Amino acid sequence: MLRPMRETEEVGTAAPVAVNGDVVDVTDAPEVAVPDVAVTDRAVELAATDVTGVPETGVTDVTAVAETAVTDVTSVAETAVSDVTGAAEAAVTDVAGVTATDVTVADDAIERPWWRDAVVYQVYIRSFADANGDGIGDISGVRARLPYLAALGVDALWFNPWYPSPLADAGYDISDYRSIDPAFGTIWEAEQLIAEARTLGIRTIVDIVPNHVSIEHPWFQEALASPPGSPARERFWLRPGTGTAGELPPNGWQSIFGGQAWTRVADGEWYLHLFAPEQPDLNWEDPEVWAEHEDILRFWFERGVAGVRIDSAALLVKDPGLPEEVPNPGPGEHPFTDRDELHYIYRRWRTIADSYDEPRLLVGEVWLPDAERFARYLRPDELHTAFNFDFLACPWEPGPMLASIKSALAAHAPVDAPATWVLSNHDVTRPVTRYGRVDTRFAFEAKREGTPTDLVRGARRARAAALLAMALPGSMYIYQGDELGLPEAENIPTDRRQDPMWRRSGGVDPGRDGCRVPIPWSGAKPPYGFSPNDEAPLWLDQPDDWAPLSVEAQTDDPASMLSLYRTGLRIRRDAPWGVDSELRWLDYGDDVIAFARGERFICIVNFGPQPIELPVEADVLVGSAELVGNVVPQDTSVWLIQTLDRASFDPESIRT
Ligand code: GLC
Ligand code: CA
C-alpha cells in the first residue's frame, strides 16, 4: 500500500488488555490491546470458523493470547536448536551431552529469534542480475550472485513478486500465486535458490499480495463470465453503479494510483480497484478468499521460505456498506484502511506461520500515520514485524529523525516487537538523491524530481544514515543498489517509463521507475555486467555514468559505499553492544543524535556544521566519512567502542 505520510504522533504505552470492559493483568504476556471493534457479523462468523487462536467474538481471548505466548517460546526454542546447527550436532554426537557453550548459544538464540535483528536485503529480481541474456533479471542470476549477498552479510532476502503477471504494476498484479513467471525461471529453480541461500545462512522471504489480483487471474476471468450476484463475483467488489442508469461508480473512492477506484464491466457492473484497473480488489468478506490465501501461505512455507512480506496489509478489509470517505475518520473508521477486522486475518496467518518447526515470519507493509494503530498489527499473535515508513520518509534533520526513532521504539515496546529500520524500497526515491535535495523528506505527493540535487552531499548523508540504521535495535532492510549508493535515475525518457503511477497521474507523478533500474555489476558501460548479453535490451535503461558505482569498481575501494555496508554489517553481526542491549541516549547537543548500547558501544551522528569531538576513551570501529583530527564532521556517523575494559573486548578483533 502506498499512502502519503502525515506527522507521526508520539506514543506512550499501548492500552492495557481489557476484557468485557474490565482491565486484566496478563501475567508475563506483553500487553495486548483489544481491537475495540465494530466487527461485522460476517467477519465474526469467519473468525469463528477457526478454533485456534482466533477469538469467536469481538473481544480478544486472553487465554488464546497467553497460549500463543507459550507456544511461541517452545517453537522459538526449536528454532534455536535448528539454527545453531553446529551446536545441535555437537550435542547429538557428544555422549556427555550438551556442553556449557552449547547451552549458552541456544539460550541467546531463544531470547533473540533470527528475525528480531535480521538484516533483510530486498531483491527486485527483474533488476538484480540477468543470467540468460534477455535483459531481465532472473532466478539463475540471483543464484549466481549468492556469494555476493553472503559477503555483504545479510540474513535474509525478500523477493518482490516473482509470479506470473501481465505486469500492469511490475508484478503486483498476479495471475498465479503458486508459480514463477517464466521470465524469472521455474518453481524448481526457486526451490533450489531457497535451499542454496539457506546453506549460506540466508533465509528467503516472498511477497504475498492479498489485497488484489490481476485481471488475468482465473478468479477474475470467472467473475467476468458469471452473472451479477454469482459466487464467482462475490470474491470481488462487483456492484451496480449509481446514477439513473448505473452509469456512475458505486461511490467516489479514489485509486491510490490516481483516478476513480472503480471500472465498469461489459454488463454494467463496476469493480473496485484501489490501485490500477488491472488490479481488482478481493472481497475479504468471502470465506473462499481467506481459504485461498491461507493455502498460498502454506504453499510457499512448504517450499522452504522463511516468511512472507504482506503487500498493502492494512487495506484488505472494506466497509461492506461502501460509504464515502470522510475527512479525519476515527480509529478503525476509514472505509478501506486499517479496519479492525484485519486483525482476525493476521491472527489466523500467525497460527499457520507458528505451526512449522521453524516458525515462519510475517512482515507487514503497513503505512499508517498513527503509531499506536500501527503497533496493533504487531501484537504477539499477529505479524512479527512491519516496515517503519515513518523513518523511511523522515527528512535528514536531527529533530525529526530523533523523534521518529523514539516514536518507533516507544510504539514497538508495549507489543514486544522489534522496530525495523528502512531507508528505501522499490516505491520511493533513492536516499542518495533524496538526501541531496533541499527538502530531504520523502512524500509520494511531492517527489521533487528534477529539482536541484547535490548527489555528493546526498551520498555522504546516505552513508551516515546507513550506519545509523545498522546501529539501532531491531531489524534492518536494505533495498538492492542502496549498498552501491545508486542515485535515482531521473532522466528516463517518457516513452520508456513503465510505472502506472506515472501513467495514471498523467505524468504529474514521475513514478517509481527511477529506483528500479538494473544494477551495475562490472564494466565501463551498460549493461555493466547485469546481463551476459551486451546487446540485451534492458527493461529500463541504465544511466551511462554508472561505471564507478558498479560492484566491481567498489569492491576493493575501502572508501566505497559497498565497503561501508560490508564493514558495518560485519561489525553489526558481531553485536558489539552485546545481547539485547538497552539503548541510552547521549546528549551532544541539538545537531547530534548519539546513543550508547550495551556496555561499550556508542553511535554518534552529526547533522550540523559544528564538528563534534570524539570521546577520549574510545576507539573508532567505523565511520561513514574520514575522521580528521579526532572530530566527527557534518553529515557523518561513527561507531565507537569504549576502551575502558579492553580485557574482555578487543575492538581490533572486529576490524579484521
Ligand atoms: C505495494 C507495493 C507497490 C505496489 C502496491 C500495489 O505498495 O509496494 O509496489 O504498487 O502495493 O500492489
Ligand atoms: Ca533473464
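The ranking of Val432, Val422 from fewest to most other beta carbons within 10 Å of each one's beta carbon is Val422, Val432. Each part reduced to its alpha carbon centroid, the stretch 140-216 and the stretch 574-590 end up 35 Å apart. Within the stretch 393-453, all pairs of alpha-carbon atoms sorted by distance into 5 Å bins from zero give the percentages 4, 17, 24, 20, 17, 10, 5, 2, 0. Summary value for the stretch 424-520: 35 percent relative contact order, contacts being C-alpha pairs under 8 angstrom separated by 6+ residues. Using the Cβ-Cβ distance between Glu613 and Glu397 with R0 set to 22 Å, the FRET efficiency from 1/(1 + (r/R0)^6) comes to roughly 0.50. Which loop chymotrypsin sites (Phe, Trp or Tyr not before Pro) in the stretch 176-276, with loop taken from DSSP, have no more than 15 other Cβ atoms within 10 angstrom of their Cβ? Nothing satisfies the criteria.
In summary, no lysines lie within cross-link reach of Lys406, defined as a Cα separation below 25 angstrom excluding same-chain residues under 8 places away. Taking amide H as placed 1.01 Å from N in the peptide plane, the amide H of Ile612 sits under 5 Å from that of Val632, each at least 5 places away or on another chain.
Calculation over all alpha carbon pairs of the stretch 211-283 in 5 angstrom steps from 0 returns a P(r) of 4, 19, 29, 27, 16, 5, 0 percent. In straight-distance terms, cross-link reach from Lys318 covers every one of the lysines whose alpha-carbon lies under 20 Å from its own, apart from those fewer than eight places away in the same chain; here that gives an empty set. Other residues within the sphere of radius under 15 Å centred on the Cβ of Pro633, judged by their own Cβ, net out at 0 (K and R +1, D and E -1).
Residues Thr429, Thr453, Thr643, Thr244, ranked from the fewest to the most other C-beta atoms within 10 Å, line up as Thr244, Thr643, Thr453, Thr429. Short-range pairs are left out: with C-alpha atoms under 8 Å and at least six residues apart, the relative contact order of the stretch 211-283 is 33 percent. Cα-based radius of gyration for the stretch 498-608, normalised by 2.2 N^0.38 Å, reads 1.56.
Bear in mind that the values in this text are calculations on the coordinates, not laboratory data. Computed from a predicted structure; not experimentally measured. Here Cβ is always computed from backbone atoms with ideal geometry, including for glycine, and neighbour counts include all displayed protein chains.
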